[in-house]
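Reviewing the structure listed below.
The values are calculated or read from the model by the stated rules, or taken from the named source; none is laboratory data. Note that the structure is a prediction, hence the values are computed from the model and not measured. Ideal geometry is used to build each Cβ from the backbone, glycine not excepted, and the neighbour counts take in all protein chains shown.
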Number of protein chains: 4
Amino acid sequence: MSTGLWLVGARGSVATTAMVGALAVRAGLAARNGLVTGGRVFEEAGLPALEGFVFGGHDVVSLPLAKRAEALAQGGVVPRHLPAVLADELEQIDARIRPGGRREGETQAGHAARLADDIRAFGEATGVDRVVVLNVASTEPPAEPHPAHASLAALEAALAEGAGVLPISSLYAYAAFRAGASFVDFTPSTGARLPALTELAAQEGLPFAGSDGKTGETLVKSALAPMFQTRELHVQSWVGMNILGGGDGATLADPHAVLSKTRSKGRSVAETLGYEVVAPVHIDNVPDMGEWKTAWDHIAFEGFLGVRMTMQFTWQGCDSALAAPLVLDLARLVARAAQAGESGPLPALAFFFKDPVGSTEHRLATQYDQLVEWARGLARRSA
Amino acid sequence: MSTGLWLVGARGSVATTAMVGALAVRAGLAARNGLVTGGRVFEEAGLPALEGFVFGGHDVVSLPLAKRAEALAQGGVVPRHLPAVLADELEQIDARIRPGGRREGETQAGHAARLADDIRAFGEATGVDRVVVLNVASTEPPAEPHPAHASLAALEAALAEGAGVLPISSLYAYAAFRAGASFVDFTPSTGARLPALTELAAQEGLPFAGSDGKTGETLVKSALAPMFQTRELHVQSWVGMNILGGGDGATLADPHAVLSKTRSKGRSVAETLGYEVVAPVHIDNVPDMGEWKTAWDHIAFEGFLGVRMTMQFTWQGCDSALAAPLVLDLARLVARAAQAGESGPLPALAFFFKDPVGSTEHRLATQYDQLVEWARGLARRSA
Amino acid sequence: MSTGLWLVGARGSVATTAMVGALAVRAGLAARNGLVTGGRVFEEAGLPALEGFVFGGHDVVSLPLAKRAEALAQGGVVPRHLPAVLADELEQIDARIRPGGRREGETQAGHAARLADDIRAFGEATGVDRVVVLNVASTEPPAEPHPAHASLAALEAALAEGAGVLPISSLYAYAAFRAGASFVDFTPSTGARLPALTELAAQEGLPFAGSDGKTGETLVKSALAPMFQTRELHVQSWVGMNILGGGDGATLADPHAVLSKTRSKGRSVAETLGYEVVAPVHIDNVPDMGEWKTAWDHIAFEGFLGVRMTMQFTWQGCDSALAAPLVLDLARLVARAAQAGESGPLPALAFFFKDPVGSTEHRLATQYDQLVEWARGLARRSA
Amino acid sequence: MSTGLWLVGARGSVATTAMVGALAVRAGLAARNGLVTGGRVFEEAGLPALEGFVFGGHDVVSLPLAKRAEALAQGGVVPRHLPAVLADELEQIDARIRPGGRREGETQAGHAARLADDIRAFGEATGVDRVVVLNVASTEPPAEPHPAHASLAALEAALAEGAGVLPISSLYAYAAFRAGASFVDFTPSTGARLPALTELAAQEGLPFAGSDGKTGETLVKSALAPMFQTRELHVQSWVGMNILGGGDGATLADPHAVLSKTRSKGRSVAETLGYEVVAPVHIDNVPDMGEWKTAWDHIAFEGFLGVRMTMQFTWQGCDSALAAPLVLDLARLVARAAQAGESGPLPALAFFFKDPVGSTEHRLATQYDQLVEWARGLARRSA
């Protein structure tokens, strides 16, 4: 089964790392570290192989992929020697990346149609069995609510009138579904999470997944919060401080854009524990961090007889290196779900996300159990 | 159902905190924080209530419980006002504590018989439905292997000859089983983990559980290691440093005794990950830490494309406050298991231990799922 | 030499801890830990003894000191038994605390006159040799500039017209100088740092010191930054995160008030290093922290051949316990300066402050050397 | 002034990094970060320029410098592109490295004579004005005391008899002095710290410095301990945990060799504070750390009224990158001292060492002040 991966933000760090990694792994130049679906438990699930992946995407920047890969190698995100070795293949992918931004004078309907055409054309040109669109672009500010979001009919009517009612991430989801592709939102942006788009996915029989890849601080939170919960240790406060550089750091320096992120990050603890907790989360742009991110969390909790104790952790991760394999995992899983006839939100993929669609489960181990069980179900279905 | 809790090391920090806590909770003077079996999911399991607990035990020291409780209050382990409020009840328990050490001229068989008599007499005098013996004494050095450990017959023969073949923790397990009591080893000592004693427990139809209560660093390890495993992040090294004071710190300053502990602590990571990891563990006696313990762990791991990342955590806990509620939980669970007719090792209690008998499961969430499932099974059985 | 300590915010945590501590030390109930001027090097400087201290002050709250002391004992800031032992003495001090807030209809000139009267009356009633006014009240937002701040004449003219031109901390400094008392600002508020007030201090021959007691994160910064500087390690970023509860936490939850603090905290690193550094500082109100404060700092620096390295520290301190002895030190030092005829800002006291008046020296060890040298100078003057 | 740097352990990480760095800096390919003597305050001291440095040395391994430099580049210690650029120059240095180990049948006197000949020949062949021998080899176990260490006469007599009485580091010091070179011990080994060798240095009019370069955890300790001391905060315990890989990690995995190191590391805190402190130091070999070292320190201290507080820090450094510039600094300073006629131990260089010869000063800032004062003194002497 060949699969087209259409990446929104195709020239960004996450997308480039994912491409370099997929190419390196299939050329035998890298191990499968970090690929969840590389685990033995997924062997029977009929997931499409990385070997059958074909990449394309939208972006608003024009820096060639090979240059981006070199910058990532400089920053220690990908091995030094890989960009040169993979330069030809990256150039071929680059030729399939289309400009994503809105053109002057274009209505939102026109913009969406063009994006959908790009996706459809990619599928046809490459002859892949199916296409998965994955949003790995920059985080948007929280979307303004609009009545046209409430139903597909209302949305189509508004678009037909030339209105611009969708946040850009949702426009991509709309275009994906219109082009017959499934959709994954790796960012905290709105994406497919509008009633109108859920309706469209159902109508087209397409699955979708999201939101906001769980790659660092929140990953650890979702592993630790159940410990406090099952041990009946009462968490009093859980403070998180994140410092990061790169494009992500710059985007999140915008106090409006950061809101989507801190909201998304703040949810899991209280939902796991079942009570409200003082849990401020900060994100600071510290340019010298480059592609690296450090999170410090301080957790105060009350044990037996009210004794107060604390735990702290520091996570020093490379966000793109953590996100990229998950993007490949999600493409495999969502393509397989589409093939197996699943449509709408995929709650079984909550393991990958800070704010999972169709699920309120935030406990990492439980999410993994659900993922594995779902993968076992896939194994029993015809491929 | 009334339950006798016979604590080996009854005047130590853990035992005293457990008693003070149980008395305080049932007097409505303290919340049930830290009590795992206080969770809603255990409500139907037919566990005996704290209200029906009667305490007794062995110890080699004679400092009265009420004094010990005051010292714990000074050290911030139990609330300041409680020791005075509970002084009368603590005095009553104190009267039931028997000297545990070997008397001059006593053979090990004679010692064991006396210990068993004490336990039996406690059960009869208090009229409790059943007795659980819980070892919360100091950590022993690793036991020397001995042929008499291999079977009950060999053990009885050796004892009959006046030989001293059992480590002291195992002598208590032997005495417990001989007195018809179930046994819990909260320390890393040998306890019931000898073929001869497993045979005896089976013969007497008595359940047992252990070893080494999971209260701090290893608890966190067992929550975090599965995160690395399911995310396919390759752990390269996991270094642990523990500093603690109190009696525990002094005991573990003995390089021989500390071996039991560091061995027990070192097991979980490699067993969870499924591969060998450089994982040194240090324990330092730092007297000014008092009843408090600080652990620092440094984890280095390799992600996608071999990118190296790290995580550190610092755990600042009060060991007695973490251990005491688990002692009460284990008494409830093991008493119920005995009532329900279970015998031999109880692998479903792995959640509580660093080195669980009858189980190789170290993943905390999975251990919890197994515990809950087992508790649900208990609910279906007649009480 | 007897000294009157007039504390602005006399019923707050810092003031109460300072009083409890001074009373306890002179009663032989506590050691002199944390008292800088308790060091041997200050023995010859002729500083007034704690034994001769008499306390009074202004406050806007009416909770009796003894109650406040009990709350501090509950929070672990002062030993449990002290408040009861010192209750009578605290009550006597309490009787000397006057309401500080502005009364309805009172002009700022009238308010100032009343405050000055209170201070003068305290000096006369107690017969102390001199009075030092110390501001340990809550942090104010940064003051709005006003033309009347530029000179004493302009200020007096504005006050005479009934205008309210001074921030409240400066009003206290004005009242202190008018009452013949020297002034110490332990907060980041404006206090005596206006040309008009510097002029007044000079005219009255009174010394003053400030601002913003250096008690935790900034203290460590001022010890560490010179290490990076003298080792020529180029600091790229220095991120600070502070979490604290108590009244201080609540005050600093106000985004306006916190500005004075973060500005004051941000200065030292760049001034020590001699170049600009990305150095964001956050302060979060986490009520369960009570009187305790935890700071986490992350420092990234570049060494030889551009190798990037990092250092992190976590400081877990009790702010009132760190501040209180410095308040007593400052009273001793400023009273002695006044006696020795010094007037105006005292740069030699930079060691105590985040944002020292009359000094740009932020290196802790150098500040200490300057303090010691100044104290040696005092020793040579007649007492 | 041209200076010969004769490095004992010339093909090790520290030596190679120092050489690569010196070559890169003088070629304008790298900044002077990390070079203490690059500071403005040393401009007038008449120190020899890096530009006049000529390298040679002893080693027991034969891996060419250029290969070692490549390995260091792989490990992130030196920039990727430098080894290739500097390959020719490194090869020239390599040709000047002589085998250091003892030959079969060679007496210690013979060994010393050969080493001295090598050093003398290097000086003559290169025509440098003077030679400084710097020991950057692996750490030795603590030396066994021997009567022959007590005086030069006793030493010469023992050597003449064919005895092997000197630890290898001391043999290099002896050879250096015999060859008219000054000596710096950057390791905790014995080096010149024997009465016999001090006597020899005096006799030859040669200066020496050491021991044990202060590059990480101890550096931070020496910056922080004075903070606790001057603030009269009573340190109760100061626990240090070090994890490191590389050759250094492997050497220190030897429990005997590590003793020199932990003793050297343990001294500074108690000497600065003036009282004994529980201060265990651990060093663990964790091979995956490569050339990197992480130290975690936990400091517990008592403040006003006995309130207990803590501080922790984590230092993540690249030891070779921290040590290398200090090696160059020391060569400059010691060469200048020799030129200015100083002989014997140089206490003014305590700033660079964990265990400074001729000095008990451990406070970093005070050490820096002494260094600067000494450098100012040099400026006043004829060059």
*asked:* I'd like to verify a number: residues in region D:225-246 that are within 7 Å of another protein chain (Cβ to nearest Cβ) and under 26 Å from D:F304 (Cβ atoms), how many?
replied: 10
*What number goes with the only condition from (1) part of a helix (DSSP H, G or I); (2) more than 29 Å from C:L35 (Cβ to Cβ) that C:T251 does not pass?*
(2)
*Could you say which residue among A:T198, A:T262 is touching a strand residue (DSSP E or B) at 6+ places or on another chain (Cβ under 8 Å), in a helix (DSSP H, G or I) and free of Cβ contacts under 8 Å to residues at least 40 places away in the same chain?*
A:T262
*Having 1 or more residues that are of a type in the set (S, T, N, Q) and assigned by TED's automatic domain parsing to the domain that holds B:M19 is the bar; report the helices (runs of 4 or more DSSP H) wholly within region B:76-154 that clear it.*
B:87-94, B:108-126
*asked:* Considering only residues that are facing another protein chain (nearest Cβ under 9 Å), charged (D, E, K, R) and part of a strand (DSSP E or B), which ones fall in region C:279-294?
replied: C:D284
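Return yes when D:A270 is outside the structural domain of D:A24 (by TED's automatic domain parsing) and either under 28 Å from D:L233 (Cα atoms) or over 21 Å from the mean Cα position of the chain (by Cα) (or both) and no when it is not. Even if it seems obvious, please write down each step before you answer.
Values: outside the structural domain of D:A24 (by TED's automatic domain parsing): yes; either under 28 Å from D:L233 (Cα atoms) or over 21 Å from the mean Cα position of the chain (by Cα) (or both): yes.
When the stated conditions are applied, D:A270 passes them.
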*asked:* Six or more apart or on different chains, Cβ atoms under 9 Å: show the pairs whose first residue is in region B:157-169 and at negative phi and whose second is charged (D, E, K, R) and surrounded by 15 or more Cβ atoms within 10 Å (Cβ to Cβ).
replied: B:G164/B:R102; B:P167/B:E140; B:I168/B:R102; B:I168/B:E140; B:S169/B:E140; B:S169/B:D185
*Selection within region C:327-353 - charged (D, E, K, R) and either within 15 Å of D:T230 (Cα to Cα) or within 14 Å of chain D (Cβ to nearest Cβ) (or both)*: C:D329, C:R332
*Can you spot a residue in region B:1-23 that is without any contact (Cβ under 8 Å) to a residue 24 or more places away in the chain, within 14 Å of another protein chain (Cβ to nearest Cβ) and either touching a helix residue (DSSP H, G or I) at 6+ places or on another chain (Cβ under 9 Å) or under 22 Å from B:G100 (Cβ atoms) (or both)?*
no
*Is it true that some residue in region B:8-24 is over 18 Å from the mean Cα position of the chain (by Cα) and either assigned to a strand (DSSP E or B) or outside the structural domain of B:G245 (by TED's automatic domain parsing) (or both)?*
yes
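This table checks each residue for (1) surrounded by fewer than 17 Cβ atoms within 10 Å (Cβ to Cβ); (2) in contact (Cβ under 8 Å) with a residue 12 or more places away in the chain; (3) in the same structural domain as B:D185 (by TED's automatic domain parsing); (4) not in a helix (DSSP H, G or I).
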| site | (1), (2), (3), (4) |
| --- | --- |
| B:E342 | no, yes, yes, yes |
| B:L349 | no, yes, yes, no |
| B:S359 | no, yes, yes, yes |
| B:H362 | no, yes, yes, yes |
| B:Q367 | no, yes, yes, no |
| B:Q370 | no, yes, yes, no |
| B:E373 | yes, yes, yes, no |
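From the list C:A95, C:A87, C:A116, which one is touching a residue at least 60 places away in the same chain (Cβ under 8 Å) and of a type in the set (A, V, I, L, M, F, W, C)?
C:A116
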_Please verify whether A:A270 is closer than 29 Å to A:G56 by Cα and assigned to a helix (DSSP H, G or I), treating the condition exactly as stated._
no
_Residues located in region C:33-45, provided they are assigned to a loop (DSSP other than H, G, I, E, B) and more than 7 Å from every other protein chain (Cβ to nearest Cβ)_ = C:E43, C:E44, C:A45
*Taking B:T230 as the residue in question, decide whether it is at pLDDT 95 or above, out of contact with any Asp or Glu (no Cβ under 6 Å at 6 or more places or on another chain) and hydroxyl-bearing (S, T, Y).*
yes
*Being facing chain C (nearest Cβ under 9 Å) and closer than 20 Å to C:L219 by Cα narrows it down to one of D:A300, D:A365, D:A324, so name that one.*
D:A365
_Scope region C:303-321; condition more than 7 Å from chain D (Cβ to nearest Cβ) and part of a helix (DSSP H, G or I); matching residues_ = C:D319, C:S320
*Quick one: which of D:H111, D:H81, D:H58 is more than 22 Å from D:R336 (Cα to Cα) and modelled with pLDDT under 95?*
D:H81
_I'm trying to understand the selection: among the residues of region A:221-253, which are under 27 Å from C:G245 (Cα atoms) and either among the acidic types (D, E) or not assigned by TED's automatic domain parsing to the domain that holds A:M311 (or both)?_
A:E232
*Filtering region D:46-68 down to residues that are out of contact with any Pro (no Cβ under 8 Å at 6 or more places or on another chain) and in a strand (DSSP E or B), which residue is surrounded by the most Cβ atoms within 10 Å (Cβ to Cβ)?*
D:G57
*When you scan region C:208-232, how many residues do you find that are over 14 Å from the mean Cα position of the chain (by Cα) and either surrounded by 24 or more Cβ atoms within 10 Å (Cβ to Cβ) or assigned to a helix (DSSP H, G or I) (or both)?*
13
*Kindly indicate whether C:A163 is assigned to a helix (DSSP H, G or I) and in the same structural domain as C:I119 (by TED's automatic domain parsing).*
no
